[in-house]
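Only the coordinates and a few stated rules stand behind these numbers; no lab work does. Small disclaimer: the values here were computed from a predicted structure and weren't measured. Here the Cβ positions follow ideal geometry from the backbone for every residue, glycine too, while neighbour counts run over all protein chains shown.
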Amino acid sequence: MTRWAPAGAVAVLAVLPWLLARHQLSILTELLIFGAFAMSLDLLMGYAGMVSFGHAAYFGLGAYGSALCLLQFQAPLPVALAAGALLAAAVAWPVGYLCTRSSGIYFGMLTLAFAQLLYTVAFKWRDLTGGSDGLTGVPKTALWPGGPATAGPHAYYFLVLTVCVVAFVACRGVVRSPFGRALEAIRENERKFATLGQDPRRLKVTVFVVAALVAGVAGALAAPFRGFASPELMFWLLSGQALMMVIVGGMGTLIGPVLGAFIFVLLQEIASSYTEHWMVLNGAIFVVMVIFFPGGLVGALRGWWGR
């Protein structure tokens, strides 16, 4: 049954757009984008044991790379997505190289420091990034010159769904490969892994860049979807929300953070329509999940299914 669950989920997601209103479809598109973003953080946290407090920086870099490419060059949308992802990965390589010199809480604080540095650059460099106003009017261009348009909600949704499915398959291939097994060994006992003659830091830098690449793709999708890219997409608050998505959904599962993102965004959408203190509800759910369901939603479901 579990073998066919991913295919069933994709089939449901492919049918849903024809059953939802325009606003509901917009929310579903946003759910998928943040699901991909949370999944990228799970590569670091769940499989390599590297807790990053600044992962939103690469989501924002992907958004800016995509927005600049679309606004300045009117490039086809896939080119803009690739530009955003590559920009995020290019910045992540030197940052990851420096951050992986430390581990534990020191690694986390370094990622936060670099993220805030990048946020400040985006905030101050008005000529390139638009400063606090950001870049507005980001268009949804065609898939290729003269090709099908993506401006319609259904067309863009299916583009996002396709990219997210490809990202999930790629991430699952990574974690199931020998590289992924090595990451799990580093997570369990990095010192023992090093005594076997392996270089854990090289692998940690690699997964840091891969996670940034996937986060950049998610950010690159977010810019034309929202029509703007701003420094707020790189702020530490979004990194904290991504951490909550991963923990609530279940670390080390890939699909768990996607479900966690769905829960988080839906709660925000529903609760914020009733009260401006919706973060209190999210915080309460986070506390309950950590105390009573440390394995996250997927861990709890697996336990119930096993019983």
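Some points to look at:
- Kirkwood Rh and Cα Rg combined as Rg over Rh, evaluated for region 90-193: 1.10
- Global form of region 12-85, assessed from the alpha-carbon gyration tensor, a/c cut-off 1.5: oblate
- Of all the options Pro94, Pro231, Pro78, the one that moves most in a Gaussian network model of the chain with Cα springs shorter than 10 angstrom is Pro94.
- Rounded if a/c under 1.5, otherwise prolate or oblate - region 122-249, Cα gyration tensor axes: prolate
- Max mean-square fluctuation residue, GNM over the chain, Cα-Cα springs under 10 Å, options Ser230, Ser132, Ser273: Ser273
- Most fluctuating residue given options Ala67, Ala21, Ala149, as computed from a GNM of the chain linking Cα atoms under 10 Å: Ala21
- For the pair region 168-219 and region 33-64, the centres of their Cα atoms are 13 angstrom apart.
- With neighbour counts taken as other beta-carbon atoms within 10 Å, the residues Trp18, Trp144, Trp236 rank, fewest first, as Trp18, Trp144, Trp236.
- The chain, helix-only ellipticity at 222 nm - DSSP H runs n ≥ 4, -39,500 (n - 2.57), divided by all residues, nearest 500: -24000 deg cm²/dmol
- Relative contact order (%) - region 20-235, alpha-carbon pairs under 8 angstrom, separation at least six: 44
- Cα-based shape type of region 10-161, given that a ≥ b ≥ c are square roots of the gyration tensor eigenvalues and the cut on a/c is 1.5: oblate
- When only alpha carbons of region 1-55 are considered, Rg and Dmax amount to 14.8, 40 Å.
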